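A.B. asks: Structure provided below as structure tokens; questions to follow.
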Amino acid sequence: MTYYYNGFPQSDRNEKLDMVNVEELEERVKDVMPEGAYYYIASGSENEWTWRNNTAAFNHYQIVPRALTDMDNPSTETEFMGMKLKTPIMISPIACHGIAHKDAEIATQQGAAAAGALFSSSTYANKSVEEIAAAAPEAPRFFQLYLSKDWEFNRMVFDAIKKAGYKGIFLTVDALISGYREANLRTNFTYPVPLDFFTRYLGGKGEGQSVAQMYASSAQKIGPADVRRIKEESGLPVFVKGVMCAEDAYLAMGAGADGIYVTNHGGREVDTAPATIDVLPEIAAAVDHRVPIIFDSGVRRGSHIFKALAMGADLVGIGRPYLYGLALGGAKGVESVIDELNEELIINMQLTGCKTIEDVKHAKISNIRYTADNLPSNTDPTRREAYPKTAENQIKVEADADATSGASKH
């Protein structure tokens, strides 16, 4: 079934997803999502070099397997800022989940809560922070802030998120204006569904606006004093989101930031910026465990999560994959994406002798710069050619074989 908002089709699915990996959802989601909405998610800025290399650069680092570890049954449970989580995977903030599903951020929060993951919602969310909180009252959540030029707007946001039980703020500092997103220009994308905070404060502003127009209402000038002011006026922990070098980590901590969020906005802002995994070691060394580190951009595998944790992150965010899961399966689709990545992470933990997430943070990672690629496996449907069928290569099923598996009952 499909729900329509002023003619814009929204998925209303709520079902577990069958997948081999989360990357395959990017192609499948085209069946349920309009072209402009799809490319709003599945694209980067300019030539998309950073967008592609965020994922490819994980191949610069290798997980060193360990043997004779005398260990089994790894656990992905972890603790973060006093919150007990079932997984180190976090739902990174993305605007306008309504382009993927009619229940928007409500369904995303429900899926994250079912998987035991930290959820974060955007200033540009479709659903209200009150509705999101009511969907999973006991679940932990953070709020991503696009600081407004209008401090009355900011104070309205602070008041609302505190009353709704949000545990902290991610202050976005890497998207003061929109990157040059050519896919959005080619499809004339504008936000098709109302954004709650703009509706309640400005009477509907947001729907029908482009990404660049929305960013224009945010502050283009943010400095250390703003971090201090947000902490003071909100009374909540503040992470600085968009740190890509040691110098900015020092600035953020000097301003009193409670945490560092390493991200390049998924390759949607400065094209040819380095991949986040390549800058993580420098930032982790600068932070030196004084505050927590969150990491995202380009994460598509459990091995990516393992590497980020081993190289200094405390939580690892995912973005595009969960929106594809949301469109294809609603809350259960989001849960399916987290579960798939968790399953891959657990395999890597077992094969490296890491019983806990804390063990992963001390795992051995090598840095041998192979001429690496980022191609899918040879069995991936996008690469695999039809396998020849001949009289000599076909398996003959015994008459009394199991009908489902093909295995002999003997």
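The values are calculated or read from the model by the stated rules, or taken from the named source; none is laboratory data. Predicted model only: the values in this text are computed from it and were never measured. In this analysis, Cβ positions are derived from the backbone assuming ideal geometry, glycine residues included, and neighbour counts consider all displayed protein chains.
A.B. asks: Kindly provide the set of residues from region 51-80 that are crowded, with 17+ Cβ neighbours inside 10 Å and either more than 30 Å from Arg181 (Cβ to Cβ) or charged (D, E, K, R) (or both), ordered by number.
C.D. replies: Hits for region 51-80 are Ile63, Pro74, Thr76, Thr78, Phe80.
A.B. asks: Which of (1) more than 22 Å from Asn73 (Cβ to Cβ); (2) touching a strand residue (DSSP E or B) at 6+ places or on another chain (Cβ under 8 Å) does Ala363 not meet, given it meets every other one?
C.D. replies: Result: Ala363 fails condition (1) only.
A.B. asks: Let me ask something else. From the set of residues in region 5-50 that are in contact with a strand residue (DSSP E or B) (Cβ under 7 Å, 6 or more places away or on another chain) and surrounded by fewer than 22 Cβ atoms within 10 Å (Cβ to Cβ), which is farthest from Tyr324 (Cα to Cα)?
C.D. replies: Pro9
A.B. asks: May I pose another question? Return the residues of region 217-259 that are within 23 Å of Pro274 (Cα to Cα) and hydrophobic (A, V, I, L, M, F, W, C); say none if nothing qualifies.
C.D. replies: Ile222, Phe239, Val240, Val243, Met244, Cys245, Ala246, Ala249, Leu251, Ala252, Met253 - these are the residues of region 217-259 that are within 23 Å of Pro274 (Cα to Cα) and hydrophobic (A, V, I, L, M, F, W, C).
A.B. asks: State all residues of region 281-313 that are crowded, with 24+ Cβ neighbours inside 10 Å, among the aliphatic types (A, V, I, L, M) and part of a helix (DSSP H, G or I); if no residue qualifies, say none.
C.D. replies: Hits for region 281-313 are Ile283, Ile305, Ala308, Leu309.
A.B. asks: Looking only at region 170-186, decide whether some residue is at pLDDT 95 or above, within 18 Å of the chain's Cα centre (by Cα), among the β-branched types (Val, Ile, Thr) and not in a strand (DSSP E or B).
C.D. replies: Yes, there is a match, as at least one residue in region 170-186 is at pLDDT 95 or above, within 18 Å of the chain's Cα centre (by Cα), among the β-branched types (Val, Ile, Thr) and not in a strand (DSSP E or B).
A.B. asks: Next up: Does Val262 fit the bill of being without any contact (Cβ under 8 Å) to a residue 60 or more places away in the chain, over 18 Å from Val29 (Cα atoms) and of a type outside the set (Gly, Ala, Ser)?
C.D. replies: yes
A.B. asks: Check off (1) in contact with a His (Cβ under 9 Å, 6 or more places away or on another chain); (2) free of Cβ contacts under 8 Å to residues at least 24 places away in the same chain; (3) of a type outside the set (Phe, Trp, Tyr) for Asp288 and give me the number that stays unchecked.
C.D. replies: For Asp288, the exception is condition (1).
A.B. asks: Do we find a residue being in contact (Cβ under 8 Å) with a residue 40 or more places away in the chain, under 22 Å from Arg301 (Cα atoms), aromatic (Phe, Trp, Tyr) and not in a loop (DSSP other than H, G, I, E, B) anywhere in region 29-39?
C.D. replies: Yes, region 29-39 contains at least one residue that is in contact (Cβ under 8 Å) with a residue 40 or more places away in the chain, under 22 Å from Arg301 (Cα atoms), aromatic (Phe, Trp, Tyr) and not in a loop (DSSP other than H, G, I, E, B).
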